[in-house]
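**Student:** Can you read through this structure? Questions will come right after.
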Amino acid sequence: MGAEVETFDRLPCVVQVGFAGARKFLANANEWSGLTPQQESQLLKELVEIVRSLPAKLKLGNHHFLCGISQIAIGSDMLFTCACQALGITQRIFLPQHLDAYLSAVGSGGEPDFDGDQRTAAMQILKSAHIIQERMVSDSPSRHERFEECNREILRVSDVVICVLQTDVSARPGGTKQLLDLAKRQGKAVLEVRIQFEGNDVRIEPDWLPLNSFVPPSLPSNLGKLHMPAGSELSAASLPTVGQFCTVVKDHVSERAKQFNKLFSSAALVIIATHGLATLLATFVLSKDHEPGHSIWTTTMLVFEFVLLVLGFLIHHWVHRFKPSKSWAVARLLAEINRSVRSLGNLHVYLGYLFRLDLPTEFVPLLRTLNVLHLRTTRPFRDGAWTPLLAPYVQNRLDDPNPQKGQIAYHRDRRRKAHLYLRACHWLFMFFCSLAILATGIEVIILCGYLRISAAWQLSAEPWLGVFTVLFPVLAVGFLTWAAAKDYEARVHTYGKMVDFLKRQRTLLLESSSFHEFRDRVAETELKLLSETAQWYARRTFTGVA
């Protein structure tokens, strides 16, 4: 019983169901027509049952939820939309052109795609609360190309596709059969629903293509055991808000990022320190082993050197095998993604900027889930005024003086700290490098006889000079290694550029004169912020201790 509760309480993950179907069906050998009211009712019932059965057919977990994706054409598309509405399933509408042009479009034969009643019905259903997005996906001047591009986009973003078409219908450009064939070639999970007419009755023949290769989408592995916010129950009618989802994820991965950062930093420090101390002991051994009576002292130092080298080797091996730097980078990137989405507040926009990032494939289900939850949560604010959202976004996202919240303060503070650490490592390198040069120079002068000192002084000075000529270069390189491992120079550069960008962007945001300009500036800001983190992630993923 406990296992069932744990599965049920997991954070939700969206499964996007693409749909395409015939607008009209072949009533006889030469005539295309619409469905009768009786046939529409029968087909709607069948579609409701098909969609209801999807979780069981696809072997989805209780944490999965469905989101439909289709056009809003007459016929099958409209029935699929009604089925989603009846089941309380969120739906996204993809359009091959602007909605007004779409509803008034004329087919190749000169007949309108929608008559007056159909246009009214489409407009009415688009006002339904379960419709969370209307997205135009093509700007092609060709009607056929627009529908083809729309089909390809529906297929691209869908985890599973349902195609409703009549038996023995040939493929037409931008039609359902063409989408079906393309889905088969790409190996998508496809439900092919064939329709045959027997008088006023409709006979449905659903045919699932083999589902052996279908793997239900899942959130990144380090989020798999997270639980939903307290008091939330996972159902189509009661999903967590995007704010709740982002808060749970961000709090978890932010803590993990701190832990892995400390692990990596500690490992790097120990590796450098152990090798430096081992070098120091080795040079002492070399300077003392020719003197009588030092066998126990020499053996003890050699044992310590051995222990230090083994410890440094094991930690170095652990760093390269378990990659705490990669885990740190993944956690920080996940935290920044969720912080970005949460910062949008009630701004009802498609989170297209998330999908423009060069991120690992395993992030895709998370990005899709965030997008659907954001559109769903902000759906009630879709037609509201945008100007009240501008000042809070600028204040909370950019201007907040707390470096943990305001991005200008955050990047300015990080640039200052990175620059301080970089200069400290640089000057320490210069200091120990200068000492090494000085020690080596003195040793050369003594050995060449240019500096006259007593034999006793020379005997005691030479071992120490030998130690310094080995130890100081190691310390100098150690500080360079630390600076490289912590990426200080790159951080100074990127943080500085980001501060300049955010200052300019702040001005542009405050000067926005329309919703579309504000929306585009916000997307540009978030894309820039996340791109910097994504680039850092790419560097850090493949960086060990230099």
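The values are calculated or read from the model by the stated rules, or taken from the named source; none is laboratory data. Note that the coordinates shown come from a computational prediction; the quantities given were computed from them, not determined experimentally. Note that each Cβ is placed from the backbone with ideal geometry, even for glycine, and that neighbours are counted across all protein chains shown. The accessibility values were calculated without ligands, DNA or RNA, using every heavy atom of the protein model including side chains. Shrake-Rupley method; radii C 1.70, N 1.55, O 1.52, S 1.80 Å.
**Student:** Does Lys503 qualify as being modelled with pLDDT of 85 or more, within 20 Å of Lys417 (Cα to Cα) and of a type in the set (Lys, Arg)? First the steps, then the outcome.
**Tutor:** Numbers: modelled with pLDDT of 85 or more: yes; within 20 Å of Lys417 (Cα to Cα): yes; of a type in the set (Lys, Arg): yes.
Against the criterion (modelled with pLDDT of 85 or more, within 20 Å of Lys417 (Cα to Cα) and of a type in the set (Lys, Arg)), Lys503 qualifies.
**Student:** Where in segment 104-205 are the helices (runs of 4 or more DSSP H), entirely inside, with at least 3 residues that are closer than 23 Å to Pro216 by Cα, in contact (Cβ under 8 Å) with a residue 12 or more places away in the chain and open to solvent by 30 Å² or more (accessible area, probe 1.4 Å)?
**Tutor:** 176-186
**Student:** In segment 257-273, what count of residues is obtained for those that are modelled with pLDDT of 75 or more and closer than 13 Å to Leu475 by Cβ?
**Tutor:** The number of residues fulfilling the criteria is 1.
**Student:** Can you name the residue in segment 510-545 that is surrounded by fewer than 15 Cβ atoms within 10 Å (Cβ to Cβ) and not in a helix (DSSP H, G or I) and is also modelled with the lowest pLDDT among such residues?
**Tutor:** This residue is Phe542.
**Student:** While we're on this one: Give the residues of segment 78-117 that are among the small types (Gly, Ala, Ser) and within 34 Å of the chain's Cα centre (by Cα), sorted by residue number. If you could, list the steps in order and put the result at the bottom.
**Tutor:** Of the residues in segment 78-117, the ones among the small types (Gly, Ala, Ser) are 83, 86, 88, 101, 104-105, 107-110, 116.
Listed by number, the residues that qualify are Ala83, Ala86, Gly88.
**Student:** Mind listing whichever residues of segment 379-405 are surrounded by 20 or more Cβ atoms within 10 Å (Cβ to Cβ) and part of a loop (DSSP other than H, G, I, E, B)?
**Tutor:** Residues satisfying the conditions do not exist here.
**Student:** Given the residues Gly478, Gly466, Gly496, which is the only one that is at pLDDT below 80 and surrounded by fewer than 20 Cβ atoms within 10 Å (Cβ to Cβ)?
**Tutor:** Working: Gly478 fails: surrounded by fewer than 20 Cβ atoms within 10 Å (Cβ to Cβ); Gly496 fails: at pLDDT below 80.
When all the criteria are applied, what remains is Gly466.
**Student:** Within segment 481-491, can you find the residues that are open to solvent by less than 30 Å² (accessible area, probe 1.4 Å) and either out of contact with any Phe, Trp or Tyr (no Cβ under 9 Å at 6 or more places or on another chain) or at pLDDT 95 or above (or both)?
**Tutor:** Thr481 - this is the single residue of segment 481-491 that is open to solvent by less than 30 Å² (accessible area, probe 1.4 Å) and either out of contact with any Phe, Trp or Tyr (no Cβ under 9 Å at 6 or more places or on another chain) or at pLDDT 95 or above (or both).
**Student:** Condition first: buried (at least 20 other Cβ atoms within 10 Å of the Cβ), modelled with pLDDT of 80 or more and among the small types (Gly, Ala, Ser). Now tell me which residues in segment 308-358 satisfy that.
**Tutor:** Hits for segment 308-358 are Ala329, Ala331, Ala335, Ser340, Ser343.
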